[in-house]
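Read through the structure below, which is laid out as structure tokens, and then see the notes.
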Amino acid sequence: MSAGLAIYRALTQGVGAFLGPLPPAAGASPWRAGRTGAGEETARAAGSVWIHASSLGEVGAARTWARALAARRYRPPFLLTTRTAAGLARARADFEGLVAARIAPHDLPQIVDAVLDDACPWRLDIIETEIWPNLIVESRKRGVAVTLVGASVSERTTSRLTSLGVAGSSLLGAGVYALPQSDAHARRFARLGVPEARIQVIGDLKAEPPPAQGSWSFGSRPALVFGSLRPGEERLARLVADTLERHRAREGAASESWGSGPFTGRSRAVLIVAPRHPAGEALAKAALAGAGFEVDVRDERTRSVRSLEAWIEDLASRRGPRAGLLATRGELAAAYEHAWGAIVGGTFSEHGGHNVWEAAARGCPILVGPHHEEVAVAVDAVRAEGGATAAADERHAIAAVEGWLLDGDLAERGLASIRAVARAAGAAERGLDAIESWGLAP
């Protein structure tokens, strides 16, 4: 065992001896729930596949994987673990009985052992990548194969794990398999210790086939959606809102001068901001309101009052500076169906980016910033088709939005996004084919 891994194991063994597993408790915080060992969920899913998905975004990809498992006649419910309350809520609401969901155990040997002993999983499928040493090592000790599904790992993480002496065959050798998103990720997993014979590129699980076309044609979509906004990006949101307001003012003056009919599409352009976390909601609202915009908030308390479509349409029909703040969970994908463009957050601040495929699948031209390394595979695929723009900075981003507002062929960029998704779809099937070829299917 490498020195770095041995030190990590010893330290966590000591912490685990002090804390120890707790019995299940209703309504427990993620921290307390992470100390829970055996429970109702592990018992209900015993003997099936354990799917681990870090947070909300990975849970969405896990749904695709769980459905593919069920279609191949794996026995549900699968045990699904996640590390956030939002991810847990989505798992319990959206998986149609396919999973027994709970907060993931903390990476302490005693707690991980208690979950493994009760769940007795057939295989551990880690969605995208979370390399928790005790979870992987304890699974391997029991003969449980570990697969990294739709996996990605950055160059920075690869270098850090290597320099710390945590990676290598003692962690990612026998019993570990990787199904990465791209050839570049495959090479990094090989450097981390996964044997090349157990690595097969499958693409991104989040590239689901485009849904059936919505009720609104592209030409009548009124929204520009800034999805998954992160702290530090609220200034850009304000600049974009200013740009849309100036465009509406010009369009309004032209309409009065020429006596044209009702506004449609981008002539009613309205910004919808969907922050990734509550902290971002407060920052975005303050930035927009401070610049003189009326900010209409759609949250969990008010979402039942009217449909998402009606809320966006009402915002687009109002006069004066206004913007929407989408503070619900699970409605971002539907919001993209009413958008003529999507700005993907986490790319203008140093977070590496968020799900690009969700917007692309709904026919949105895509705009990302310079920090999109975590979603580079998706960005490159959509750019290759002509559906995405990568801005170097805020100034470049505003120029791109201004270009969209005047682009008579913008719908073609949306179709290009859909083509990219259609080409990339099918990662789950490719992954399951690889798993069967390795002899890991039940």
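Does region 339-349 include one or more residues that are open to solvent by 10 Å² or more (accessible area, probe 1.4 Å) and farther than 17 Å from L271 by Cβ?
Residues of region 339-349 open to solvent by 10 Å² or more (accessible area, probe 1.4 Å): 348-349.
Applying the additional criterion that residues be farther than 17 Å from L271 by Cβ yields 349.
Checked region 339-349: at least one residue is open to solvent by 10 Å² or more (accessible area, probe 1.4 Å) and farther than 17 Å from L271 by Cβ.
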Do we have G431 as in a loop (DSSP other than H, G, I, E, B) and either crowded, with 22+ Cβ neighbours inside 10 Å or on the phi > 0 side of the Ramachandran plot (or both) here?
no
Could you figure out which of (1) in contact with a Pro (Cβ under 9 Å, 6 or more places away or on another chain); (2) aliphatic (A, V, I, L, M); (3) surrounded by 24 or more Cβ atoms within 10 Å (Cβ to Cβ) isn't true of I127?
(1)
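Tell me, which residue of region 394-408 that is without any contact (Cβ under 8 Å) to a residue 40 or more places away in the chain and either part of a helix (DSSP H, G or I) or in contact with a helix residue (DSSP H, G or I) (Cβ under 9 Å, 6 or more places away or on another chain) (or both) is most open to solvent (accessible area, probe 1.4 Å)?
Filtering region 394-408 down to residues without any contact (Cβ under 8 Å) to a residue 40 or more places away in the chain leaves 395-396, 399-400, 403, 406-408.
Filter again for either part of a helix (DSSP H, G or I) or in contact with a helix residue (DSSP H, G or I) (Cβ under 9 Å, 6 or more places away or on another chain) (or both), leaving 395-396, 399-400, 403, 406-407.
Details: R395: 205, H396: 75, A399: 54, A400: 18, G403: 38, L406: 130, D407: 35 Å².
Top of the filtered list is R395.
Answer yes if at least one residue in region 78-99 is open to solvent by 10 Å² or more (accessible area, probe 1.4 Å), on the phi > 0 side of the Ramachandran plot and of a type in the set (D, E, K, R), and no otherwise.
Yes, because at least one residue in region 78-99 is open to solvent by 10 Å² or more (accessible area, probe 1.4 Å), on the phi > 0 side of the Ramachandran plot and of a type in the set (D, E, K, R).
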Between A381, A391, which is more than 20 Å from P180 (Cα to Cα), crowded, with 18+ Cβ neighbours inside 10 Å and in contact with a helix residue (DSSP H, G or I) (Cβ under 7 Å, 6 or more places away or on another chain)?
A391
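Quick one: how many residues across region 130-145 are among the acidic types (D, E), in a helix (DSSP H, G or I) and open to solvent by 10 Å² or more (accessible area, probe 1.4 Å)? Don't jump to the end; show me each part of the working.
Residues of region 130-145 that are among the acidic types (D, E), as a first pass: 130, 138.
Then keep just the ones that are in a helix (DSSP H, G or I); that gives 138.
With the extra rule that they be open to solvent by 10 Å² or more (accessible area, probe 1.4 Å), the set shrinks to none.
The total comes to 0.
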Among what's in region 8-29 and is in contact (Cβ under 8 Å) with a residue 40 or more places away in the chain and not in a loop (DSSP other than H, G, I, E, B), pick the residue that is farthest from the chain's Cα centre (by Cα).
A17
List, please: which pairs have Cβ atoms under 8 Å, are six or more places apart or on different chains, and start with a residue in region 288-304 that is under 16 Å from D242 (Cα atoms) and end with one that is open to solvent by 70 Å² or more (accessible area, probe 1.4 Å) and part of a helix (DSSP H, G or I)?
V295/K285
Quick one: is V153 surrounded by 15 or more Cβ atoms within 10 Å (Cβ to Cβ), within 21 Å of G47 (Cβ to Cβ), of a type outside the set (S, T, Y) and touching a Phe, Trp or Tyr at 6+ places or on another chain (Cβ under 9 Å)?
no
Being assigned to a helix (DSSP H, G or I) and free of Cβ contacts under 8 Å to residues at least 60 places away in the same chain is the filter; apply it to region 30-58 and report the residue that is farthest from A274 (Cα to Cα).
R44
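The values are calculated or read from the model by the stated rules, or taken from the named source; none is laboratory data. The structure displayed is predicted, hence computed values, not measured ones. Positions of Cβ are backbone-derived with ideal geometry, glycine not excepted, and every protein chain shown enters the neighbour counts. Just so you know, the surface numbers come from the protein's heavy atoms only, side chains and all, with ligands and any DNA or RNA stripped out. Shrake-Rupley method; radii C 1.70, N 1.55, O 1.52, S 1.80 Å.
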